[in-house]
Structure formats: structure tokens, C-alpha cells
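The values are calculated or read from the model by the stated rules, or taken from the named source; none is laboratory data. Bear in mind that the values here come from a model prediction, so they are computed numbers and not experimental data. We place every Cβ from the backbone using ideal geometry, glycine too, and count neighbours over all the protein chains shown. Just so you know, the surface numbers come from the protein's heavy atoms only, side chains and all, with ligands and any DNA or RNA stripped out. Shrake-Rupley method; radii C 1.70, N 1.55, O 1.52, S 1.80 Å.
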Amino acid sequence: QFLFVVTFTTFLLCCVDYDVLFANRPLNHSHAGTAVPDRSKVTLPDAVLPAPQCAQRIRASSWIIFLLVMATVFWLYRLVKVLCSLLSYWEIRSFYIKALNIPSEGLCNYSWQEVQARLISLQRRQQMCVHKRELTELDIYHRILRFKNYTVAMVNKSLLPVRFHLPLLGTVVFLTQGLKYNLELLLFWGPGSLFQNKWSLRPQCKRAGARRELARRLARAMVLLGVANLLLCPCVLVWQLLYAFFSYAEVIKREPGSLGARCWSLYGRCYLRHFNELNHELQARLSRGYKPATKYMNSFTSPLLTVLAKNLGFFAGSILAVLIVLTVYDEDVLTVQHILTAITLLGLVVTVARSFIPDEHTVWCPEQLLQRVLAHVHYMPDHWQGNASRAETRAEMAQLFQYKAVFILEELLSPILTPLILIFALPSRALDIVDFFRNFTVEVVGVGDICSFAQLDVRNHGNPQWLSAGQSEASVYQQAENGKTELSLMHFAITNPRWQPPPPSELFLSHLKEKVQQDAAAAPPARHILAEGPLGTSLLS
């Protein structure tokens with residue numbers, strides 16, 4: 001895709017004669033044996049410049065040559081990464097076939113739990129991990145999700161991403177793929193990051209006496225990385241614009257309402273993710289919550305916007321209907337300049353206007369809809385309870401579940417805003433980030449340094465609101481917010497039923513099971529529970 005976008009864009013800029021293509025300059029075709037030129041037809045090859053002329057136009061533009069050189073360097077870098085990945089994938093394939101006895105053609109028939117069980121059994125037989133005799137399910141998750149658990153914990157403790165208070169827009173959370181890549185470069189795997197390799201934090205990060213010096217280094221690295229992003233901003237911005245155009249232009253033409261669809265934001269995926277939750281587990285959970293979340297967000301309508309949309313759709317639809325009738329009556333109407341453009345744009349306006357008109361049969365019940373969303377996503381701030389109908393709740397939900405158009409706009413603005421955030425906003429948090437890694441890192445034998453929240457220890461990181469008296473020793477700083485430790489523990493225990501939790505966590509789970517059984521005994525029979533009701537959805541989840 002990268003090669004195609006670069007090549008095709010260069011071709012469009014330097015190798016097309018637009019005067020011929022737009023018929024601004026007549027092109028004479030003389031038929032053999034006649035002296036009469038034929039000006040009626042212009043073929044596509046007529047608008048393409050010859051190769052020597054195309055090459056000359058490329059050489060004449062230093063800006064295009066600079067962008068092509070940058071694109072070549074980036075492509076070579078990606079090529080080396082792909083080759084390294086292929087070698088790694090070949091090793092994984094060999095490991096599955098020879099060690100786990102899972103053939104490639106049958107891999108799709110195995111669940112993750114079956115693969116994991118074979119890996120644990122193999123450790124008992126061959127002692128792959130030399131530091132401990134047996135691997136647990138939690139050890140395997142810790143190795144796979146080491147860095148992701150740190151990210152989820154920092155989002156949970158509101159350390160990242162940076163929140164901005166903007167006039168008219170209120171509180172804005174900005175987290176894009178570009179910013180996330182830069183943060184991972186700074187913290188996990190870049191040169192000078194806090195981790196010295198894939199499994200171990202730098203020794204000085206664990207010493208309280210070195211915290212200020214480390215914070216100064218981290219802040220300086222943030223500024224330098226921001227400056228580098230600023231210098232590369234034009235190249236990245238051009239790429240983002242071109243890639244977005246080639247990716248979404250046809251979709252918007254075919255389905256204009258797709259921009260009004262919603263998707264889980266990158267911040268939402270980090271906020272709603274459990275500790276020790278694999279990508280496919282998170283994706284399945286959020287996919288189940290997609291339709292309830294869409295219904296909840298669509299339940300909010302603006303009467304004024306609805307009236308405007310109805311009238312705009314009526315006006316545009318009337319003009320479109322007349323143009324279509326005229327075209328059916330006489331197809332020569334299509335030869336009128338810009339008539340196809342007008343028909344396309346009017347169709348786009350009608351489709352967009354309809355997306356703002358609510359279904360007249362919709363019943364407004366935001367509290368029930370939000371409970372259905374909660375049954376799948378599992379997290380929501382305490383102040384949402386009983387306030388599902390408020391605009392503030394909807395605005396906060398929109399940060400987690402945003403319009404596709406907003407997602408595209410944020411990604412397009414990312415090359416401009418990411419350097420500014422790295423230079424001006426993040427350095428002030430460098431000391432807090434260093435303290436976070438020192439205070440919430442533990443070393444596990446055979447696994448390495450991991451985030452202590454990922455141990456699912458309710459005694460050290462539990463929330464007193466979720467536990468019985470005396471079960472938690474955590475201070476406010478040590479507690480995970482919104483019951484994430486407890487909910488992550490429940491999710492992991494259900495996903496991995498053979499896992500043996502530590503005694504405090506096992507005590508919490510046993511009390512929870514007793515409470516669920518009591519509630520189930522007091523609940524009405526299952527046949528009286530509506531399949532689409534929030535309670536039924538919660539039980540199924």
C-alpha cells in the first residue's frame with residue numbers, strides 16, 4: 001500500500017496532462033488517409049505524458065525528489081522490519097508444529113485456552129523456562145501483555161493521556177496512533193527508554209534517589225522526540241492526508257453515512273481494557289457492546305438539528321429528483337458540465353441529512369440502554385449512575401465511543417498536535433511517570449519486571465468499596481480506580497478456570513460467588529427475564 005500510494009501520487013502530480021484530461025486544450029487525432037482531424041474523442045492514454053517528459057518533470061521539482069527520498073528511506077526501514085518479523089513468525093510456526101504438536105492447517109480449530117494448556121504441559125516436560133518448574137496462566141499473560149498492562153494502569157490512574165480543557169469543547173482527551181507510538185518509544189523500547197530490554201526495567205529506575213535525574217532525562221527525551229516529530233511533520237502529514245483520501249474517499253461516496261457511524265476510540269480501548277486481557281478477548285467484549293452503545297448514543301437527539309436536517313433533506317431531495325427525471329427523459333442532460341457532480345453532492349447531502357433524523361418509533365430510555373452497555377464494557381464512572389440522560393454523561397461516553405469522522409480527523413491532526421504535546425504538555429509529568437514505574441513494578445521469577453497491578457492482588461491494589469472490611473491494605477494512591485483490580489480478577493478467573501489465584505484473591509472470588517448465588521436465588525425465574533433486558537444481557541455476558 002505504501003509503495004502504491006507513493007507511486008500513484010507521483011504519477012498524478014507529474015505524469016498527467018490535466019489540460020487534455022479536462023478538455024481545456026483540444027487534441028487533434030488525424031485518421032490515416034484523411035486530413036480531417038477528429039476532435040470528438042479523448043482517450044485516457046492521450047492525457048498521460050510520455051515517460052521522458054514525466055521523468056523530466058520529476059527531476060525539475062526538488063520538493064518531490066525530497067519526499068521520494070524520505071519515502072524510500074522509510075520503505076527500506078519497513079522492509080527490514082518485515083523481514084525480521086518473518087523470521088520470528090517462522091520460529092513461532094516451527095514451535096507450534098514441533099513443540100506443541102499443532103499443525104498449521106489445523107491451527108484455526110484450536111482455542112487460545114487449548115494452546116495455553118499445551119504450553120504449560122510442555123514446560124513441565126522440557127523446562128523451557130529454567131528459573132521455575134511450572135508456568136501458570138498468569139505468567140504467560142504477563143509475558144505477552146507486559147507493556148500493555150503498564151499502559152492500562154497509567155490510563156486508569158489518569159497519568160496518561162493528557163487531558164485538555166478547551167473553550168466551547170470542554171474536557172478533551174487526545175490519544176492517536178502516532179502519539180501512542182511515541183509514548184511507547186519513550187517508555188518501553190526506544191533508545192534511552194525506561195526499560196533496558198523487553199523484560200527488565202533499568203536498575204536506576206528502581207532507586208528513589210535517582211528519580212529526579214531520571215525525570216530530567218525523560219523530560220529532555222520528550223522534548224527532543226517532539227522536535228524530531230516537528231521536523232518530520234510535513235512528510236507525515238502528507239502521508240496521512242493521502243492515505244486517508246485513498247482509504248475513505250470511495251467508502252464515503254458509496255456509503256456517506258459511514259462517517260456518522262461510531263467506533264471505540266484508542267483511549268476507550270485503554271480505559272475499558274482489563275489487566276491481563278488479550279487483544280482478541282478485548283475485541284470480542286467491545287464488539288458485543290457495540291450495538292448497545294450505538295443505541296445509547298443515538299437516543300440523544302437535538303430537536304433544532306432534526307428540523308434543519310428535515311428541511312435540508314427536503315430541498316436537496318427535490319432538486320435531485322428533478323435532475324434524475326430530466327436525465328431519464330433525455331440522457332443528453334448528463335453532458336451538461338458539472339451535472340454529475342451536482343447529482344453526487346445532492347445525494348450525499350440527502351444521506352447525511354437523513355442520518356440526523358431519529359426514528360419516530362424510538363422509545364427514549366437512556367438508563368436501561370446504559371445498563372446494557374455496562375453489561376459488556378464493565379466500566380463506567382460512579383457519577384454516571386442515575387445520570388444517563390444528562391448531556392455531560394453522553395459527552396464523556398463520546399470520548400470512549402467516538403464518531404468515525406472524529407477518529408479520522410484526530411489521526412489527520414496527529415502529526416501537528418503530537419509534537420506540541422511532547423514538547424509542552426508531557427515534560428511536566430515526567431517525575432510522576434518515573435515514580436509510577438518505581439512504585440508499581442515488581443520482579444517475578446521467570447517472567448521479569450511487570451506492573452504490580454497485573455498481579456491481580458486485591459490486598460495491595462483492591463478498592464475498599466469492592467471488598468469486605470480488612471481485605472485491602474491499599475492506600476488511595478495504590479488503589480486501582482473504578483474497581484479495575486476486582487473486575488480484572490473476575491474476568492481472568494472466568495477466562496482461565498484452571499488458574500489458582502492467591503489466597504486474598506481466592507477469598508474475594510468465593511465471597512462474590514456466594515453473593516451471586518444469593519442474588520440468583522432471589523431473582524425471578526429465567527423465563528421471565530427478557531432476552532434483550534439489561535439483567536439478561538449481564539448474565540449472558
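Yes or no, residue by residue, for (1) out of contact with any helix residue (DSSP H, G or I) (no Cβ under 8 Å at 6 or more places or on another chain); (2) not β-branched (Val, Ile, Thr):
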| residue | (1), (2) |
| --- | --- |
| Phe314 | yes, yes |
| Ser318 | yes, yes |
| Leu323 | no, yes |
| Ile339 | no, no |
| Thr344 | no, no |
| Leu348 | no, yes |
| Val352 | no, no |
| Ser355 | no, yes |
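Note on the stretch 333-343: residues that are more than 22 Å from Lys310 (Cβ to Cβ) and either open to solvent by less than 50 Å² (accessible area, probe 1.4 Å) or at pLDDT below 85 (or both) total 5.
In this entry, Tyr141 passes the filter for residues that are aromatic (Phe, Trp, Tyr), closer than 16 Å to Ser452 by Cβ and surrounded by 12 or more Cβ atoms within 10 Å (Cβ to Cβ).
Could you check, for the stretch 135-152, whether at least one of its residues is in a loop (DSSP other than H, G, I, E, B) and without any contact (Cβ under 8 Å) to a residue 60 or more places away in the chain?
Restricting attention to the stretch 135-152, the residues satisfying the condition of being in a loop (DSSP other than H, G, I, E, B) are 135-136, 145.
Filter again for without any contact (Cβ under 8 Å) to a residue 60 or more places away in the chain, leaving none.
Looking through the stretch 135-152, none of the residues is in a loop (DSSP other than H, G, I, E, B) and without any contact (Cβ under 8 Å) to a residue 60 or more places away in the chain.
Evaluated against (1) open to solvent by 20 Å² or more (accessible area, probe 1.4 Å); (2) in contact (Cβ under 8 Å) with a residue 60 or more places away in the chain, Pro161 falls short on exactly one condition, (1). Filtered by the rule that a residue be more than 17 Å from Leu159 (Cβ to Cβ) and in contact with a Cys (Cβ under 9 Å, 6 or more places away or on another chain), the stretch 407-440 gives Phe407, Pro415, Ile416, Thr418, Pro419. Out of everything in the stretch 76-108 that is open to solvent by 90 Å² or more (accessible area, probe 1.4 Å) and touching a helix residue (DSSP H, G or I) at 6+ places or on another chain (Cβ under 9 Å), what residue ends up being farthest from Arg118 (Cα to Cα)? Only one residue tops the list, namely Arg78.
Test Leu272 against the criterion of being of a type in the set (A, V, I, L, M, F, W, C), crowded, with 16+ Cβ neighbours inside 10 Å and in contact (Cβ under 8 Å) with a residue 60 or more places away in the chain, and give yes or no. The answer is yes for Leu272. When the residues of the stretch 344-389 are filtered to those that are over 19 Å from Ser299 (Cβ atoms), hydrophobic (A, V, I, L, M, F, W, C) and open to solvent by less than 40 Å² (accessible area, probe 1.4 Å), the one that is nearest to the chain's Cα centre (by Cα) is Ala353. Got at least one residue in the stretch 318-328 being under 36 Å from the mean Cα position of the chain (by Cα) and among the aliphatic types (A, V, I, L, M)? Checked the stretch 318-328: no residue is under 36 Å from the mean Cα position of the chain (by Cα) and among the aliphatic types (A, V, I, L, M).
Looking across the stretch 350-388, the residues that are touching a residue at least 24 places away in the same chain (Cβ under 8 Å), part of a loop (DSSP other than H, G, I, E, B) and more than 26 Å from Phe275 (Cα to Cα) come down to Phe356, Ile357, Pro358, Thr362, Trp364, Cys365, Ala388. Please work out which residue is nearest to Cys15 (Cα to Cα), limiting yourself to the stretch 50-64 and to residues that are free of Cβ contacts under 8 Å to residues at least 40 places away in the same chain and not in a helix (DSSP H, G or I). Among them, the one singled out is Pro50. Taking the criterion of being open to solvent by less than 50 Å² (accessible area, probe 1.4 Å) and modelled with pLDDT under 85, the residues of the stretch 464-486 that qualify are Leu467, Gln471, Ser472, Ala474.
Reported count of residues in the stretch 414-439, each being among the acidic types (Asp, Glu) and either touching a strand residue (DSSP E or B) at 6+ places or on another chain (Cβ under 8 Å) or surrounded by 18 or more Cβ atoms within 10 Å (Cβ to Cβ) (or both), is 0. Contact map, the stretch 306-331: residues that are on the phi < 0 side of the Ramachandran plot and open to solvent by less than 30 Å² (accessible area, probe 1.4 Å) paired with residues that are at pLDDT below 95 and of a type in the set (Gly, Ala, Ser), Cβ distance under 6 Å, separation 6+ or inter-chain. Pairs shown: Ala309/Ala353; Gly313/Ala353.
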